[in-house]
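Q: This is the structure, below, for whatever I ask next.
The numbers here are math on the coordinates, done by the rules we state, and not lab data. Predicted, not measured: the structure shown is a model, and the values here were computed from it. Backbone-built Cβ (ideal geometry, glycine too); neighbour counts: all protein chains shown.
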Amino acid sequence: MLVTKNTKNFLIIASFMMAVVIAIGAFGAHGLKATNDEYMMAIYNTGVQYHFYNTLGLFAIALITHFLPNSKQIVVSGYLLILGTLIFSCSLYLLVILKVSWLGAITPFGGTLMIISWMVIGFTVLNELKIKE
């Protein structure tokens, strides 16, 4: 099947991100419970959840790039989503694993990038995809 370079790149990145989030989730469930209280595990699991859901979203972005192959906005949004997810989730993972509380101050930057990414995707789809009549 022929797809654009961006579609293939997003599918590859999303696949590896999904493998990583499954491993990180399992590590948290089996390796961190003994050394962390419920509050810290909730923080860790928030990172896992956002990582997982935005990775699923990246698969959707790959599909959108197939339908809008010339959309620079979708491509930029995809990379913003990747960056935002990494900043958000990794700051929470490291906060719990390393017990470094100032990492929590970085988390909102990742969340902001994720919000911007999804807003740009929504407006781009709204404006660029046409309904077949």
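Q: Total Lys pairs in the chain closer than 18 Å by alpha-carbon, pairs eight or more apart in sequence or interchain only?
A: Lysine pairs satisfying the spacing and distance rule in the chain number 4.
Q: Just the projected area, averaged over all directions, of the convex hull on the alpha carbon atoms of the chain: how many nm²? Walk me through the numbers before you get to the answer.
A: Values: hull surface 36.6 nm².
Mean projected area of the Cα convex hull: 9.2 nm².
Q: While we're looking at this one, here's another question. For the peptides 33-44, 50-61, 14-25, what is the packing order when you average, over each peptide's residues, the other Cβ atoms within 10 Å and list the highest mean first?
A: By packing density, highest mean first, the sequence is 50-61, 14-25, 33-44.
Q: Quick one: what Rg and Dmax do you get for the stretch 33-83 from the alpha carbons, in Å?
A: 15.6, 49
Q: To continue, here is another question. Does anyone have the angle between helix 72-98 and the longest principal axis of the chain? Alpha-carbon axes, 0 to 90°, nearest 10?
A: Around 10 degrees separate the two axes.
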